[in-house]
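These notes are about the structure you will find just below.
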Amino acid sequence: MNLRIPPVLRLTIVLIGGLTACVALAADFQPVDSIKAAALGALPTGSEAEATLDPALRLPRCDASLVARVQGSHSVEVSCPDGWRLFVPVRVRRSQTVLVLSRGIAPGETITADAFIPETRDASRIVGAAVADPSQALGRVARRMLSAGTVLSATDLVAQRLVRRGDNVALVSRRGGVEVRVAGKALADAGENERVTVENLSSRRVVQGVVGPGGDVWVNR
């Protein structure tokens, strides 16, 4: 006797059979998340990082534990013993504390405590020598216009101007315990511990010196 199966039932059987085959097929591949986890697990403890892999990656399931080795700063080799291996790109996020301006600063304006706030940023996205210590910013002067939200950099700031171009200054030199002071004229602006060009008003010679705490210019310091 021939058993006749209704068309709808035949379709159901086909769908169930296809789904079972797909599940079985998926079980034959190594889960992508397990490969990423192995790569991240090879990094130093406490590292904040992310691994990048194509979700459609299909590699045979590994019956043994995956082996991962760091290869350089941006890659981890993940392998299945006696099987496949691949290099997983990783990006390690290193945090850094920086000072961010809470308001705009005009050129020549002195940096005060209310001008910035400390923030933690991804170090890979910070450009230049960012200032982290408030003491390295307080009392210094903006070299240029700085907008709110700017990450303060060492190159954005200069020391407080103790000497201005055209100022009369004391040129000081010391040799053998003898201190000599002569009148000079500053030819540029400068702050403490910065070099400045000065004209000796007695000899009319132009010399360079370093600005001291009181604004004197030391020519052999």
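Using the Cβ of Glu199 as centre and a radius below 10 Å, the other residues enclosed give a net charge of +3, where K and R count +1 and D and E count -1. Dipole size of the chain about its Cα centre, with +1 on Lys/Arg Cβ and -1 on Asp/Glu Cβ: approximately 620 debye, rounded to the nearest 20. Net charge in the neighbourhood of Asp122 (other residues with Cβ under 14 Å of its Cβ; Lys, Arg +1, Asp, Glu -1) is +2. Over all directions, the projected convex hull of the C-alpha atoms in region 122-166 averages 4.0 nm² in area.
With a ≥ b ≥ c the root eigenvalues of the C-alpha gyration tensor of region 162-218, is it rounded (a/c under 1.5), prolate (a/b larger than b/c) or oblate? Judged from the Cα gyration tensor, region 162-218 comes out oblate (a/c at least 1.5, b/c at or above a/b). Relative contact order of the chain: 11 percent, from C-alpha pairs under 8 Å at least 6 residues apart in sequence. For region 52-130, the list of GluC sites (Glu not before Pro) that fall in a loop by DSSP and count at most 14 other C-beta atoms within 10 angstrom reads Glu109.
If you wrap the chain in the convex hull of its Cα atoms and look at it from every side, the mean projected area works out to 25.2 nm².
Each reported figure results from applying straightforward, stated rules to the coordinates on display, with no laboratory input. Computed from a predicted structure; not experimentally measured. No Cβ is skipped: glycine too gets one built from the backbone with ideal geometry, and neighbour counts run over all protein chains shown.
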